[in-house]
Amino acid sequence: MARRLAIFGISGRTGHELARVAGIKGWEVCGFVRPTSKGEGAVIHGRIVRGNFEDFDRVVETIADSQAVCCMIGPRPPYTDVFCATATAAIIAAMKQANCKRLVCQTGAMIGPAPNRSRPMEWMARAFATWHPQVMRDREEQERLVELSGLDWTIVKPPLLTDSSPQGQAQASSSLRVGLLSKVSRASLAAFILDEIQTGRFVRQRIFVKG
């Protein structure tokens, strides 16, 4: 039986890359795409489900028969679409209905308190929270919902994402030092996420990733 992975946020560049890498590694992918999404991720050995997060049956359909769910949703500039917490609550509820326990949720290195951020990056995080308070509160609530979900979750917190080729295996730790120059390629992040789904090294942890 083929392994099945549900991806929310597949229309973004990072979700697109995860779908591509997962397909190469033999996963069947099912991606959820909102009508307002401007792109559509490359799905290998899989399909697309179209709908809004209010369409609960469509969310459940995306997750059905999956071994794991990746939540890679996020707002884009100018940050007027604040939806992550509400969408993640729907995903968690649908996972419980579909009896799927494994959730990997990507947020960002600037979300929430983190003593491992450099001082300049901490200043940047505070500035972003000042400029976009609703977005920051929404993302913090998203992480809180994941942590309280009762699922086998991992929160992945990359710094700057790039489209460059992978430069070896990504570094990952709950206390990994990150700064303004820290970055990770989308390909390396996708490889890390797939490995984490299979190994479960960081279940119920917030993990920073760079490479």
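Here are the numbers:
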item	result
Residue among Ala191, Ala187 that alone is touching a residue at least 60 places away in the same chain (Cβ under 8 Å), open to solvent by 30 Å² or more (accessible area, probe 1.4 Å) and outside any loop (DSSP other than H, G, I, E, B)	Ala191
Test result for Arg4, more than 21 Å from Leu148 (Cα to Cα) and either outside any strand (DSSP E or B) or open to solvent by 40 Å² or more (accessible area, probe 1.4 Å) (or both)	no
The one condition in (1) more than 27 Å from Pro77 (Cβ to Cβ); (2) at pLDDT below 95 that Asp152 fails to fulfil	(2)
The range 40-77: number of residues that are of a type outside the set (Asp, Glu), open to solvent by 60 Å² or more (accessible area, probe 1.4 Å) and at pLDDT below 90	4
Scope the range 77-89; condition in a loop (DSSP other than H, G, I, E, B), over 13 Å from Glu140 (Cα atoms) and touching a residue at least 24 places away in the same chain (Cβ under 8 Å); matching residues	Tyr79, Asp81
Every pair of residues 6+ apart whose Cβ atoms lie under 9 Å, when the first sits in the range 143-164 and is in contact (Cβ under 8 Å) with a residue 60 or more places away in the chain and over 20 Å from Arg13 (Cα atoms) while the second is of a type in the set (Lys, Arg) and surrounded by 21 or more Cβ atoms within 10 Å (Cβ to Cβ)	Glu143/Lys157
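The values are calculated or read from the model by the stated rules, or taken from the named source; none is laboratory data. The model shown is predicted, which means the values in this text are computed figures rather than measured ones. Using ideal geometry, Cβ is built from the backbone for each residue, glycine included, and neighbour counts are taken over all protein chains shown. Quick note on the areas: whole protein, heavy atoms, side chains included, nothing else; ligands and nucleic acids left out. Shrake-Rupley method; radii C 1.70, N 1.55, O 1.52, S 1.80 Å.
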